[in-house]
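Note sheet for the following structure.
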Amino acid sequence: MANDMLFPSAPSPLSRAAALRAEICSPGLSFLMEAHNGLSARIVEEAGFRGIWASGLTISASLGLRDSNEASWTQVLDVLEYMADAAAIPILVDGDTGYGNFNNVRRLVRKLCARRIGGVCIEDKLFPKTNSFIGERQPLADIDEFCGRIKAGKDSQTDDAFVLVARVEALISGHSMEEALQRAEAYHAAGADAILIHSKKNTADEILAFTERWGRRAPLVIVPTMYHTTPTETFRRAGISAIIWANHNLRAAITAMRETSQRIFERESLEGTEGAVATVKDIFRLAGNEELADAERRYLPRRATARAVVLAAAPGALGPLTAERPKCMVEIRGRSLLARLVDTLAGGGVREVTVVRGYRKEAVVLPGVRVLDNDHYAETGEAFSLSCARTAISGETLVVYGDVLFREEILHGVMAARGDVVLAVDAVAAELRAPGRQRDLVRASRRYSGDYLDDAPVRLEEMAANLPAEQVAGEWIGLARFSARGATWLGEELDALAAEGLLEKADLPLVLTRLAVHHPVHIVYILGRWLDVDTLADVGDALNFT
Ligand code: SPV
Ligand code: MG
């Protein structure tokens with residue numbers, strides 16, 4: 001499979017032109033299979049072919065056009081670009097007559113080289129062309145004029161290996177074998193790398209006669225669409241260099257699409273269709289979705305997939321403000337605490353937010369937020385609320401109190417920190433708070449030092465509401481990040497609490513302290529820039545926060 005850009009793992013040691021030259025100019029028989037867009041090019045490559053024929057007939061037909069130069073040459077170029085992006089094998093493009101005179105051929109060849117097309121075949125007819133199998137005695141180009149097109153093409157190639165095939169239409173147009181040989185000789189002398197000798201007879205007689213008289217002076221390419229009953233071995237023995245299977249993918253697609261459309265139309269159902277057509281998964285595979293998934297792992301920020309569980313079941317005690325709604329829905333300057341928190345989480349790359357509601361749950365509504373309920377909020381604590389969101393605790397997960405406001409940079413710090421469980425701990429808040437208002441106090445393996453060079457890890461040892469002052473290293477702000485592994489540990493801890501009959505009453509400090517006994521729970525120290533809204537005075541502070 002593929003494009004140097006999309007699929008960098010498939011570099012070719014040869015340029016595509018060199019690879020095509022190796023196919024067409026080598027002594028053995030090669031095969032070029034028709035494709036007309038990126039998808040069919042990839043299918044041809046997957047089948048094992050070593051080269052693609054970008055057919056003028058089928059590219060036109062797949063665009064709903066006739067093979068009469070109705071598609072402009074730059075429109076064909078665009079299709080070729082998709083094909084070259086989709087498959088790494090070389091493409092020989094059907095360049096019709098070269099889209100005009102020598103000057104058009106020059107520009108065409110330069111653009112083909114720039115798009116990594118291995119070669120072009122031009123036919124000795126006049127612009128606008130008509131398909132060779134339509135009508136009789138189509139006018140041929142003047143030999144010298146056509147030789148000028150060949151020379152101009154060869155002089156314009158920017159890849160030395162680029163292959164120019166000159167197509168002789170003399171036999172198709174009812175001219176003699178002599179005329180065909182004379183033209184082939186002139187085109188070869190003008191610099192063509194190979195000759196395509198075309199025939200519309202239903203036997204290979206004239207092709208074989210031409211081949212014999214040609215005598216391997218230059219590689220010969222044939223298109224046995226009409227003389228398809230001739231065994232390939234005959235051509236191999238005759239010394240043909242390459243066979244073009246010119247239109248069979250489009251024809252196969254037409255048959256399959258017509259049959260499928262008809263069946264679905266008649267049955268008004270997919271009965272008989274599923275199982276008979278390629279799977280949607282197959283489309284994804286052909287389109288290279290797996291490579292995209294790999295790239296996403298490499299390039300998208302890891303946190304882009306993080307989820308958050310916001311604990312907002314408790315009533316809060318803000319008097320009249322929480323009479324009709326829980327604390328998380330109290331508005332600060334016209335926007336609820338929860339809306340502000342969700343915005344901050346989104347800014348930090350969190351994609352899915354689950355809110356555990358309880359008190360006045362009908363008031364907790366926010367677009368894009370998933371809600372789960374703790375209907376026993378009056379008799380239970382935070383751990384129980386968290387366990388109500390067990391389905392949301394998988395993969396990288398944040399656990400956040402619903403009544404905190406913190407600056408986005410705090411979230412970024414927690415997301416970027418190493419560790420499977422990471423807590424944001426304010427190193428100064430605990431000192432500033434009035435006694436009795438402190439709650440999630442932290443004892444840690446090291447205190448905050450303020451030293452620029454100090455980046456040694458800090459671990460949680462204990463979290464509680466009532467630690468002796470001399471042991472307090474800070475206050476947890478109610479924001480924790482769990483990696484996928486950390487989320488599994490958290491789930492196990494909730495199970496263990498349930499098994500011990502402690503889940504209903506446990507708070508998060510207990511959960512985290514127990515977790516820290518078995519696993520490293522890391523601390524990221526911050527200095528302020530957050531707020532939890534516990535009292536009406538805090539609401540006043542919050543008004544100044546944003
Ligand atoms: C094509 O595939 O567009 C060709 C081959 O030119 S043929 O249709 O046989 O002329
Ligand atoms: Mg053609």
- Could you work out the helix-only [θ] at 222 nm for the chain, with each DSSP H run of four or more residues adding -39,500 (n - 2.57) and the total divided by the number of residues, to the nearest 500 deg cm²/dmol? -11500 deg cm²/dmol
- Could you give the length gained on full extension between SER449 and ALA278, defined as 0.36 nm per residue of separation minus the Cα-Cα distance, in nm? 55.3 nm
- Message: If you restrict to DSSP beta bridges whose two residues both lie in the range 292-396, what percentage is antiparallel, to the nearest 5?
- Response: 15 percent
- For ARG267 and ARG333 in one chain, what is 0.36 nm times their gap in residues minus the Cα-Cα distance, to one decimal in nm? 17.8 nm
- Task: State the extension gain, in nm to one decimal, for the chain segment bounded by THR260 and ARG110, taking 0.36 nm per residue of separation less the distance between their alpha-carbons.
- Result: 49.9 nm
- Message: For a protection proxy built on the mean count of beta-carbon atoms within 10 angstrom, sort 123-131, 266-274 highest first, please.
- Response: 123-131, 266-274
- Note on the structure: Ranked output for segments 240-248, 172-180, 482-490 by mean other Cβ atoms within 10 Å, highest leading, reads 240-248, 482-490, 172-180
- Note on the structure: Counting only protein heavy atoms with a 1.4 Å probe and every protein chain in place, the carbon and sulfur fraction of the accessible surface of the range 16-255 in whole percent equals 52 percent
- Solvent-accessible area per residue for the chain (1.4 angstrom probe, square angstrom): 47 Å²
- Sorted by mean Cβ packing within 10 Å, highest first, what order do the peptides 397-408, 133-144, 510-521, 491-502 take? 397-408, 510-521, 491-502, 133-144
- Pairs from LYS129/LYS200; LYS151/LYS200; LYS151/LYS201 whose Cα-Cα separation, in the structure shown, is over 19 Å: LYS151/LYS200; LYS151/LYS201
- Message: Out of all Cα-Cα pairs in the chain, roughly what percent, to the nearest whole number, are more than 39 Å apart?
- Response: 52 percent
- Based on the inverse mean of 1/r over its pairs of different Cα atoms, what is the Kirkwood hydrodynamic radius of the range 303-542, in Å? 17.8 Å
- Task: Specify whether the C-alpha gyration tensor of the range 16-255 places it in the rounded, prolate or oblate class, a ≥ b ≥ c being the square roots of the eigenvalues: rounded for a/c under 1.5, otherwise prolate if a/b is larger than b/c and oblate if not.
- Result: rounded
- Alpha-carbon gyration tensor eigenvalues x 5, square-rooted, for the range 190-298, Å: 41, 23, 10
- Task: For the range 253-329, just say rounded, prolate or oblate: build the C-alpha gyration tensor, square-root its eigenvalues into a ≥ b ≥ c, call rounded for a/c under 1.5, and beyond that prolate if a/b exceeds b/c, oblate if not.
- Result: oblate
- Query: What FRET efficiency comes out for the pair ARG50/ASP495, r = Cβ-Cβ distance, R0 = 56 Å, nearest 0.05?
  - Reply: 0.45
- Would you work out the relative contact order for the range 16-255, in percent, from Cα pairs under 8 angstrom that are 6 or more residues apart? 23 percent
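The values are calculated or read from the model by the stated rules, or taken from the named source; none is laboratory data. Bear in mind that the values here come from a model prediction, so they are computed numbers and not experimental data. Note: ideal-geometry Cβ built from the backbone for every residue, glycine included; neighbour counts use all protein chains shown. Side chains included, ligands, DNA and RNA excluded: accessible areas come from the protein's heavy atoms. Shrake-Rupley method; radii C 1.70, N 1.55, O 1.52, S 1.80 Å.
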